[in-house]
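First comes the structure, then the notes that go with it.
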Amino acid sequence: MQRRIFLKRSVSFTAGGLSLGFLPSSVNALGNSAGLKSFDERDRVLMRLISGIMIPETTSKGAVGTMSDEKALEILTYCYSNAFTTEVIQLFSKLNKSSERKNKRPAALLSENELTDLLESLDSAKSPFDIEDQQTFRKLKQLVVFCFCTSQKGANQELTYLAVPGGYTGSIPYSSVGSAYSSKAYY
Amino acid sequence: MINDILVNTSEEVFDAIVVGSGITGGWAAKELTKNGLKTLMVERGPIVEHRKDYITEGKPPWEFDLRTKVTQKEKDEYYRVQQQCYAFHEGTKHFFVKDNESPYQHPDKKPFSWIRGNQLGGKSLLWHRQSYRWSQFDFEANAKDGIGNPWPIGYGDLAKWYDYVERFVGISGSAEGLAHLPDGIFQPPFELNVPERDFSKKMSDMHPDAPVIVSRCAHLTNPQKEQVELGRIKCMARNECQKGCSFGAYFSTQSSTLPAALKTGFLRIAPNSIVDSLIYDEQSKKVTGVRVIDRVSMKQKEYKAKMVFMCASTLGTTQILLNSKSRTFPSGIANSSGMLGKNLMDHNYNAHIQADIEGYDNEFYKGRRPASFYIPNIHFEKSKYHKSFKRGYAFAGGASREDWQSLGASHGLGTEFKEKIKNAGAWKISMQAQGEMLPRENNQVQLSQNHKDKWGIPQLDIDCEWSPNELDMMEVAAQTGEKYFKDAGFSNVKAQPTYKPPGLAIHEVGTARMGADPKKSVLNAYNQAHDISNLFVTDGASFCSSGVVNPSITFMALTARAVDFAVSEFRQGRI
């Protein structure tokens, strides 16, 4: 999956700005109060590549296979403050500048290994990234994880979803479940 | 069935009107109708029918457009205050009031978060369901400390009513034999998990005055005949209660008091009816009914009754009483004492402690428990007060394994990270304090002189803040909690006093207090207005102090007791 994304990205780059056509009508009707800080197509492609590196497809679906990247952008656009959305856009810009400096091309045109190296620097707050960049990235990562673990596939195949537990038991062997629960009282 | 008993207009003089349909309104209606009194329940919001109207119940996160998150625009426009409630999300927002429709005022430097649920069932659909009796120490504290107004009743007056409501409600919990946290009629408790059990053992050795017990909550764990007959069954540990529970496993108006009242045939309900004020007859010196504005049509109407029970929530009731002005009561009905609106209290949750627990790698749990562990107040009488403050606090908390919700922000990428978020992580433990707030007259609500809501009713001006007593208490609570966790051997202990404003505990009480002296209180020992024999206030407004424990089961006991008294008076022709 990841390889396919990397092959398709140049096509995606030729597209215009993000139309938001993927958003459900109920969301479009409500929107973000202070005007949308929208992500353009390049942001969207970069987000897909980043998400795929955060949670790759293995023997099971990853972030991209569960469309967690798109869902994260929806939630980021509509449910987060404009301040954080702006932070993410600025982070993407910094990623691109860093990539241009080092690799002479934008981040979305890096090889998978090159982009992984760049993200590892970001995740570790290594130069050229600082603690603030790292914090923005971690929050973005948390959102992608949220979207992955609340997707139907992520919640049921990767984790254990108990819609109706039937009662509470205070002690069972972890090995009998084998994963964390995806079902929550509050998300 | 509900449709058959809805009232849109009526000339009938009911035996009783109950204003509000939440925890106390439901109880008042149940008890009044059980005694054969024709009762009209007046509710400002729409009907929420048990099961049918739990529109998000059982809906998994992936079926929500935004995975249960609410858009920023919607939060900004409609839920500026309500979004602060822990239970607010896309699956529950329809049970919260829209702030823009029901505004209130407060000084800029004294924020107050007024959380409301205006629909049939009120906040009984949203409450946290923790249920503890008050002790004799709580009822005596005002008198012994010389603070506020002495309670006109003691634990002995209320004990049998606690028994009565607990049997009906169904409270899970453990008997502990603590005088300052009296045992009740309990169904089997929820379990503590293994690290919590070990914490409990360590605490009993090192701090025997601060036992770690399982919390008591209004969830059925062994439903009794009376509950089963109402269609209620055992709690399934989904902990999605605020979406509504078709199992009827937790106590709400819909699951419990309403079906019981409906069975009598004596209940009528007027939904979408915003009570503007009470009608007072100067000659008989009694209330004769309520003035109502239809929420939808905006039309004004009146409903008549021989007595009125105010159960519209502490601040809702107070707003109506203040707005019920007459020649005799120019500053609000039943307010000859001048105490109406004063002494607003809430609980203070501003101390949070967390830590890591090592080990227990193969320990896990199943289900989402609606309970927690609980450490009762250790400062429950004057001789045990801390030198820095009066009264005390309890702790509630839990231990659980870290998971993707927190691990998502941790270091890592790729396959290893995917494996990390798939698995349960290390054990964590946290708890927060719940501290008593002292009654103070200058923590008060008044009717706004300048602002009205869309129905033309003066908004409330809420002027309330923590005093140094509450702030000092939370500093000490954080230190004490930190010590407990360190003594238990937990690592990475962090104690954080926070500064959330009053209101967020959603335990507001005190603005029409009870008391023996009519010059210093609004209500007598039976929640009956000193000034008006056929007016009763049985919600949190009637409290003289906030106590330490959650108030709702005491709301219920007071209401059942007040109705018993009112029915007796009614039958003897004194009302």
>> How long are the semi-axes of the equivalent ellipsoid of the protein assembly as shown, taking √(5λ) for every eigenvalue λ of the Cα gyration tensor, in whole Å from largest down?
In response: 49, 30, 24
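Mind putting a number on the dipole of the range B:44-91 about its Cα centre? Charges go on the C-beta only, +1 for Lys and Arg and -1 for Asp and Glu, and I need it in Debye to the nearest 20.
Numbers: 9 positive and 9 negative charges, 23 e Å.
Dipole magnitude for the range B:44-91 comes out near 120 debye.
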> Taking Cα centroids, how far is the range A:112-187 from the range B:533-549 in Å?
Replying inline: 46 Å
> For the range A:84-187, max minus min Cα coordinate along each principal axis, in Å, sorted largest first?
Replying inline: 57, 27, 23
> Which value, in debye to the nearest 20, describes the size of the charge dipole of the protein assembly as shown about its Cα centre when Lys and Arg Cβ atoms bear +1, Asp and Glu Cβ atoms bear -1, and nothing else is charged?
Replying inline: 920 debye
>> I need the shape label for chain B. Rule: rounded when a/c is under 1.5, else prolate if a/b > b/c, else oblate, with a, b, c from the alpha carbon gyration tensor.
In response: prolate
> Amide H neighbours of B:Ala424 under 5 Å, counting only residues 5+ apart in sequence or on other chains, H built in-plane at 1.01 Å?
Replying inline: A:Ala180
> For the pairing of chain B with chain A, what total accessible surface becomes buried, with a 1.4 angstrom probe, in square angstrom to the nearest 100?
Replying inline: 5800 Å²
> Name the residues of the range A:138-152 whose accessible area, probed at 1.4 Å, falls by at least 50 Å² once all protein chains are in place instead of their chain on its own?
Replying inline: A:Arg138, A:Lys141, A:Gln142, A:Val145, A:Phe146, A:Thr150
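Determine the share of the range B:218-345's accessible area contributed by carbon and sulfur atoms, expressed in whole percent, with a 1.4 angstrom probe.
Numbers: 2180 of 4380 Å².
Roughly 50 percent of what the probe reaches on the range B:218-345 is carbon or sulfur.
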>> Let me check something: with ligands and nucleic acids excluded, how do A:Thr59, B:Thr56 order by accessible area (1.4 Å probe), largest to smallest?
In response: A:Thr59, B:Thr56
>> Loop-only GluC sites (Glu not before Pro) in the range B:85-141, please: DSSP not H, G, I, E or B, and at most 13 other Cβ atoms within 10 Å.
In response: B:Glu101
>> As I understand it, the value is the acute angle between the Cα axis of helix B:23-34 and the longest principal axis of the Cα atoms of chain B; what does it come to in degrees, rounded to 10?
In response: 50 degrees
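How large is the accessible surface per residue of the protein assembly as shown, computed with a 1.4 Å probe and reported in Å² as a whole number? Write out the running numbers ahead of the final one.
Details: 28530 Å² over 762 residues.
Per-residue value: 37 Å².
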> Using unit Cβ charges (K, R positive; D, E negative) and no other charged atoms, how large, in debye to the nearest 20, is the dipole of chain B about its Cα centre?
Replying inline: 800 debye
>> Averaged across B:85-96, how many Cβ atoms of other chains sit within 10 Å of each residue's Cβ atom?
In response: 1
> Using 1/(1 + (r/R0)^6) with R0 = 51 angstrom and r between the beta carbons of B:His94 and A:Lys104, what's the FRET efficiency to the nearest 0.05?
Replying inline: 0.45
>> Rounded, prolate or oblate, given the Cα gyration tensor of the range B:267-423, with a/c below 1.5 counting as rounded?
In response: prolate
>> Please compute, for peptide B:55-66, the average count of beta-carbon atoms on other protein chains lying within 10 Å of each residue's beta-carbon.
In response: 5
> In peptide B:533-546, how many Cβ atoms from other protein chains are near each Cβ within 10 Å, on average?
Replying inline: 0
> All other residues with a Cβ under 12 Å from the Cβ of B:Thr328 taken together, and with Lys, Arg as +1 and Asp, Glu as -1, what is their net charge?
Replying inline: +1
>> Taking a ≥ b ≥ c as the square roots of the Cα gyration tensor eigenvalues, with a/c under 1.5 meaning rounded and otherwise prolate when a/b beats b/c, else oblate, which class fits the range B:459-556?
In response: prolate
> Using the Karplus equation 6.51 cos²θ - 1.76 cosθ + 1.60 (θ = phi - 60°), what ³J(HN,Hα) coupling, rounded to whole Hz, does each residue of the range B:141-151 give in order, writing x for Gly and Pro?
Replying inline: 4, 4, 5, 5, 8, x, 10, x, 10, x, 5
> Once amide H atoms are placed 1.01 Å from N in the peptide plane, what residues at a sequence separation of 5 or more from B:Thr538, or on another chain, have their amide H within under 5 Å of its amide H?
Replying inline: B:Met310
> Could you give the longest part of chain B that holds none of the chymotrypsin sites (Phe, Trp or Tyr not before Pro) found in DSSP loops with at most 14 neighbouring Cβ atoms within 10 Å?
Replying inline: B:87-498
>> For a Förster distance of 51 Å, can you work out the FRET efficiency between the beta-carbons of B:Asp361 and B:Ala175, rounded to the nearest 0.05?
In response: 0.95
>> Between helix B:194-206 and chain B, what is the angle of the helix's C-alpha long axis to the longest principal axis, kept within 0 to 90° and rounded to the nearest 10?
In response: 90 degrees
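Estimate the FRET efficiency between B:Asp163 and A:Ala83 by the formula 1/(1 + (r/R0)^6), using the beta-carbon distance for r and 56 Å for R0, to the nearest 0.05. Working shown, then result.
On the way: r = 54 Å, r/R0 = 0.96.
Approximately 0.55, to the nearest 0.05.
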> Counting only protein chains, not ligands or nucleic acids, how are A:Asp69, B:Asp463 ordered by accessible area (probe 1.4 Å), most first?
Replying inline: B:Asp463, A:Asp69
> Using a 1.4 angstrom probe with every protein chain in place, what is the largest-first accessible-area order of B:Arg67, B:Arg44, B:Arg327?
Replying inline: B:Arg327, B:Arg44, B:Arg67
> Relative to the longest principal axis of chain B, what angle (0 to 90°, nearest 10) does the C-alpha long axis of helix B:552-571 take?
Replying inline: 20 degrees
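The values are calculated or read from the model by the stated rules, or taken from the named source; none is laboratory data. Here the structure is a predicted model, which means the values were calculated and not measured. A quick note on method: Cβ atoms are made from the backbone with ideal geometry, for glycine too, and the neighbour counts reach across all protein chains shown. Accessible surface is based on the protein model in full, side chains and every heavy atom, while ligands, DNA and RNA are left aside. Shrake-Rupley method; radii C 1.70, N 1.55, O 1.52, S 1.80 Å.
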